[in-house]
Amino acid sequence: MFRMSVNRRAMASSRTPSPPRAPAPEGGGCQIAELFSVLGRPHMLQILHVFEESDGAPIRFNELQSRLRISPKTLSQRLRTLVEAGFLARRAYNEIPPRVEYQPTPKTEELGELFRALDRWSERNTLHPVPMVSVVGRIPA
């Protein structure tokens, strides 16, 4: 078999640079897309809902893990993202064994309205498919 070696650095430098991205509109038109990108990740809304229900009380990592049944790696990644986005505050204690607590910020507390709206919606609606009848073509006589 013949394999051709490629000098990837040479190819990368010969590419035409992509044009710079346009800045976001004054009103931050892309902010909702960015919010959906963060909150749309698996388990994010579940995690935030637990904090919204905590009435501002801090929650330890192990308690979150046992309540949500999420793998430690995934939970750790999601919590890191939520801290970076300003939804949670992280406090690590210099103790043995290590103790880490997370607390909701005012940003998370504002989501309470969203969760209550979703709760009302879920009481009126279902996620089960609605049976639909469709007829295509002629019905024999």
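The values are calculated or read from the model by the stated rules, or taken from the named source; none is laboratory data. Source: prediction; values computed, not measured. Using ideal geometry, Cβ is built from the backbone for each residue, glycine included, and neighbour counts are taken over all protein chains shown.
The lone criterion from (1) exposed (fewer than 15 other Cβ atoms within 10 Å of the Cβ); (2) over 18 Å from the mean Cα position of the chain (by Cα); (3) of a type in the set (A, V, I, L, M) left unmet by LEU118 is number (2). For region 79-101, a tally of residues being more than 17 Å from the chain's Cα centre (by Cα) and of a type outside the set (Asp, Glu) returns 10.
Selection of region 64-88 for residues being at pLDDT below 95 and among the charged types (D, E, K, R) yields ARG67, ARG69.
I'd like to check something: does region 86-107 contain any residue that is loosely packed, with under 13 Cβ neighbours inside 10 Å and at positive phi?
Looking for residues that are loosely packed, with under 13 Cβ neighbours inside 10 Å and at positive phi, one finds at least one in region 86-107, hence yes.
Per the conditions (1) at pLDDT 95 or above; (2) among the charged types (D, E, K, R); (3) part of a helix (DSSP H, G or I), the sole criterion not satisfied by ARG91 is (3). Within region 19-40, residues that are over 18 Å from LEU82 (Cβ atoms) reach partners that are modelled with pLDDT under 50 with beta carbons closer than 9 Å, at six or more positions or on different chains, in the pairs CYS30/ALA24.
SER134 meets the conditions (1) hydroxyl-bearing (Ser, Thr, Tyr); (2) outside any helix (DSSP H, G or I); (3) touching a residue at least 24 places away in the same chain (Cβ under 8 Å) in every case but one. The failed one is (3). Could we say that LEU45 is in contact with a helix residue (DSSP H, G or I) (Cβ under 7 Å, 6 or more places away or on another chain) and either assigned to a loop (DSSP other than H, G, I, E, B) or not polar (S, T, N, Q) (or both) here? Yes, satisfied.
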